[in-house]
Every structure is written in C-alpha cells, then in structure tokens.
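> Take this structure first; my questions come after.
Readers should treat all values here as calculations from the given coordinates under stated rules, not as data from a laboratory. The structure displayed is predicted, hence computed values, not measured ones. Every residue, glycine among them, receives a Cβ derived from its backbone with ideal geometry; neighbour counts consider all protein chains shown.
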Amino acid sequence: MKGGDGTGPPPGEMFQHKIRVRYGEIDQQGVVYNPHYLTYVDETLESWLLPIRKMRRELGWDMMLKKVELEWQGSLAYPDELTVSAQPVHFGNSSWSVRYTGKSSGREVFTADVLYISVVAGENRTMPTPEPIRQYLLLGRCDHALSAS
C-alpha cells in the first residue's frame, strides 16, 4: 500500500514509498552515492508518519535514529525508480526497529535495519513510545482521537 491517505498499511503489509533517483544523487561512478540511501530511508519514514503529524505534536512525541545497519545487494542510477518498503520488526519500551527494503525493477537493491528511540519532542529526552503510535505503525491505523492531521 502507498501512504498518504490518512492511514498506514493494512495489518501484515508493509508501507511503501516510491522515489525517483535524481541526477544530483549520482557519483562519478554513475551510481547513487552511498549517503543518499539513508536519505531514502528517512524520506520513507517521514511519508509513513505524515498522516499522524497532528497526533505526534499533541502527544509530544518524536523519534531519533540510534543505529542503522545498511547492506547493498545492487545499485541505482539516474533515473531509476526505487520502491522502499518499511515494516516494524521490534518494539521495546522506548525503542523500536524498522526493516527497510529498497527495490528497483523487481530487484532488491538494499536493506536497512534501523533502531529508533522515542523522545519528548523538542527535548530529545527518551520517553515510552505512546500506544497510539505503536498501533499506527503495527496495524496501519490508530483509534486515538488526535490522529487526524
């Protein structure tokens, strides 16, 4: 499922975000320069969370990346289209992990395992991940009254 319609992916499905490789992301070898893959991961997360931006503010919740492990299975060039899938794989009290998989033309290009920490917005102090946020990431929806954008 593609995001942006007010809900996340249905249970059991991954959120998907499409990105067109831009000319400025290419290095001298003619492929995407390595740091841009982390930008693709970040763009995917932000697109996934966009429908709950109001709820995030009202809950005073934000997140910070703590650790990332990225592995390449291929490369991208201009103007390839990349589909990045995101699926939560672990929830702790204040930490949570997401597996990102990037594919282009049916071939896997990269995987990234990212550990995030829930923080108080604007303070960068850890906090438990609010239940409505967990619901949204795991179930593709939340029943929280503040979830409207």
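> Looking at the range 59-83, which of the residues that are out of contact with any Asp or Glu (no Cβ under 7 Å at 6 or more places or on another chain) and of a type in the set (D, E, K, R) is farthest from S104 (Cα to Cα)?
D62
> Quick check on M55: is it closer than 18 Å to S118 by Cα and assigned to a helix (DSSP H, G or I)? Full working, then the answer.
Working: closer than 18 Å to S118 by Cα: yes; assigned to a helix (DSSP H, G or I): yes.
The answer is yes for M55.
> Give the range 76-87 a look and list any residue that's free of Cβ contacts under 8 Å to residues at least 60 places away in the same chain and surrounded by fewer than 16 Cβ atoms within 10 Å (Cβ to Cβ), or say none. Break it down stepwise before answering.
Of the range 76-87, the ones free of Cβ contacts under 8 Å to residues at least 60 places away in the same chain are 76-79.
Within the range 76-87, A77, Y78, P79 qualify.
> Name the single residue, out of those in the range 95-109 being part of a strand (DSSP E or B) and more than 14 Å from the chain's Cα centre (by Cα), that is surrounded by the most Cβ atoms within 10 Å (Cβ to Cβ).
Initially, the range 95-109 is screened for residues part of a strand (DSSP E or B), giving 95-104, 107-109.
Still in the running and more than 14 Å from the chain's Cα centre (by Cα): 95, 103-104, 107-109.
Values: S95: 17, K103: 17, S104: 19, R107: 9, E108: 13, V109: 21.
By that ranking, first place goes to V109.
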